[in-house]
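Taking it in order: structure first as structure tokens, then the write-up.
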Amino acid sequence: MMENIILKRIANCLVLNVQQASITGLLEGNIGMALYIYHYAKTNNLQSYFDIADSIVDYTIEHYLKNVNRVFSSGLYGIGWAIWYMKQKGFVEISDDAFDDFETIVKQSYSSIEIEQDLKTAFPVFSKGLYCVQSGKPENLEYALNAIDEIMEYGDKMSLTSCYLNSILYVLRRIEEADCENEHLQSNKAFWYSFIKENPSIYANEDCNFYIAQQMAPSLFPQTGLSDWFNVLECGYMNWQSVLYREYINLPDLDLSGQEIMSIDEVINNASINRLSLNGITSLGLNLINRE
């Protein structure tokens, strides 16, 4: 009962504020918020909420696809990931032609400039690879592997962060599940496993990202339990990674009672637009609404 109240409060808060978001991206903007609005609308059979989410997606496709950067958090690849997700969940009916802009870019090389753009964002991830595996198209999986080849040739691999490496591990795992006999995949996997083993300092003092890496590549890391970082309001349930990597991360049980409810209420009532994004309230809502 209390969980339903929280879900409703999150939905209402997003509906009231989503149009104020000046960023259209997945992790920082309104397209990420639309994911939760769709889920809540489907769970509660609320056509008006479907209509609101539809308007966000339609506006994004019409006005922004040709004018945004490519990075996953705020740009083209994250928007593409979200639209594929929505299509696969049955939230939107959209033709393959709508992905033409994405597919044209996917075929291009993943240059050092693009790698550096990914690394300079607040959420440094392998943008192109994340889009490719979400699309599920066999040719895009190969484009992702080609992009990983280009990362392997990147001159300053020691600048790759633990967060970025985790996204590579995730992409490799998704491709392996789709095509485990792929020799190109196996050579890429061997390279990155060796690189991480030779540079353990990348994950030093990184409890959150180290735990995620353990789940992405269990044969590479010794397994340990959840650390103190995985609390509800600071990192665990309100972090974009808990949504993106959900199938591999074991979230702890969330006891919505007493002080926890008050804390969540306070965050909802005082959240900035950025804090309402997929790296905040939206991720909490998605984690709650998707758990069985």
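The values are calculated or read from the model by the stated rules, or taken from the named source; none is laboratory data. All figures in this text were calculated on a predicted structure; none of them were measured in a lab. Cβ atoms come from the backbone with ideal geometry, glycine included; neighbour counts cover every protein chain shown.
Identify, from the list ASN209, ASN205, ASN166, the residue that is among the polar types (S, T, N, Q) and loosely packed, with under 14 Cβ neighbours inside 10 Å.
None of the other options fit; the residue is ASN205.
Within segment 41-55, does at least one residue satisfy the condition of being under 18 Å from the mean Cα position of the chain (by Cα), buried (at least 22 other Cβ atoms within 10 Å of the Cβ) and either modelled with pLDDT of 85 or more or among the hydroxyl-bearing types (Ser, Thr, Tyr) (or both)?
So far as segment 41-55 goes, no, none of its residues is under 18 Å from the mean Cα position of the chain (by Cα), buried (at least 22 other Cβ atoms within 10 Å of the Cβ) and either modelled with pLDDT of 85 or more or among the hydroxyl-bearing types (Ser, Thr, Tyr) (or both).
So GLY90 ticks every box in (1) over 19 Å from ILE168 (Cα atoms); (2) among the small types (Gly, Ala, Ser); (3) crowded, with 17+ Cβ neighbours inside 10 Å but one. Which box is left unticked?
(3)
Which of the residues belonging to segment 128-156 are at pLDDT below 95, assigned to a helix (DSSP H, G or I) and over 21 Å from the mean Cα position of the chain (by Cα)?
Across segment 128-156, the qualifying residue is only GLU139.
Sort through LEU160, LEU172 and tell me the only one that's within 27 Å of ASP96 (Cβ to Cβ) and either at pLDDT 95 or above or among the β-branched types (Val, Ile, Thr) (or both).
LEU172
Which residues, taken from segment 1-46, are of a type outside the set (A, V, I, L, M), touching a residue at least 12 places away in the same chain (Cβ under 8 Å) and assigned to a loop (DSSP other than H, G, I, E, B)?
SER22, THR24, GLY25, GLU28, GLY29
Pick from ASN205, ASN231, ASN188: which is modelled with pLDDT under 95 and at negative phi?
ASN231
Filtering segment 123-152 down to residues that are over 11 Å from SER109 (Cα atoms) and of a type in the set (Asp, Glu), which residue is surrounded by the fewest Cβ atoms within 10 Å (Cβ to Cβ)?
GLU139
Of all residues being over 19 Å from the mean Cα position of the chain (by Cα) and hydroxyl-bearing (Ser, Thr, Tyr) in segment 80-113, which is farthest from ILE151 (Cα to Cα)? Just the residue, please.
Of everything passing the filter in segment 80-113, SER95 is farthest from ILE151 (Cα to Cα).
Just one of the numbered conditions (1) buried (at least 24 other Cβ atoms within 10 Å of the Cβ); (2) closer than 18 Å to VAL92 by Cα; (3) modelled with pLDDT under 90 is not true of GLY29; which one?
(2)
Going by the conditions given, is MET86 among the hydrophobic types (A, V, I, L, M, F, W, C), touching a Leu at 6+ places or on another chain (Cβ under 8 Å), touching a residue at least 60 places away in the same chain (Cβ under 8 Å) and outside any loop (DSSP other than H, G, I, E, B)?
Here the answer is no, as MET86 does not meet what is asked.
Select from segment 237-292 the residues that are small (Gly, Ala, Ser) and surrounded by 16 or more Cβ atoms within 10 Å (Cβ to Cβ) and write down the one among them that is modelled with the lowest pLDDT.
ALA271
Based on this model, can you work out whether GLU114 counts as over 23 Å from GLN215 (Cβ atoms), part of a helix (DSSP H, G or I) and not aliphatic (A, V, I, L, M)?
yes
Given the condition out of contact with any strand residue (DSSP E or B) (no Cβ under 7 Å at 6 or more places or on another chain), in contact (Cβ under 8 Å) with a residue 24 or more places away in the chain and farther than 26 Å from GLY136 by Cα, answer yes or no: does some residue in segment 47-59 qualify?
Yes, segment 47-59 has at least one match.
Let's see how each residue does on (1) among the aliphatic types (A, V, I, L, M); (2) without any contact (Cβ under 8 Å) to a residue 60 or more places away in the chain; (3) within 20 Å of LEU220 (Cβ to Cβ); (4) touching a Pro at 6+ places or on another chain (Cβ under 9 Å):
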residue: ASN140; (1), (2), (3), (4): no, yes, no, no
residue: ILE151; (1), (2), (3), (4): yes, yes, yes, no
residue: GLY155; (1), (2), (3), (4): no, yes, no, no
residue: LEU185; (1), (2), (3), (4): yes, yes, yes, no
residue: PHE191; (1), (2), (3), (4): no, yes, yes, no
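Read through the list (1) at pLDDT 90 or above; (2) over 24 Å from ILE268 (Cβ atoms); (3) of a type in the set (Asp, Glu), then give the number of the only condition that ASP58 fails.
For ASP58, the failing item is (1).
What tally of residues in segment 175-198 results from selecting those that are among the charged types (D, E, K, R) and buried (at least 20 other Cβ atoms within 10 Å of the Cβ)?
Counting residues in segment 175-198 that are among the charged types (D, E, K, R) and buried (at least 20 other Cβ atoms within 10 Å of the Cβ) gives 1.
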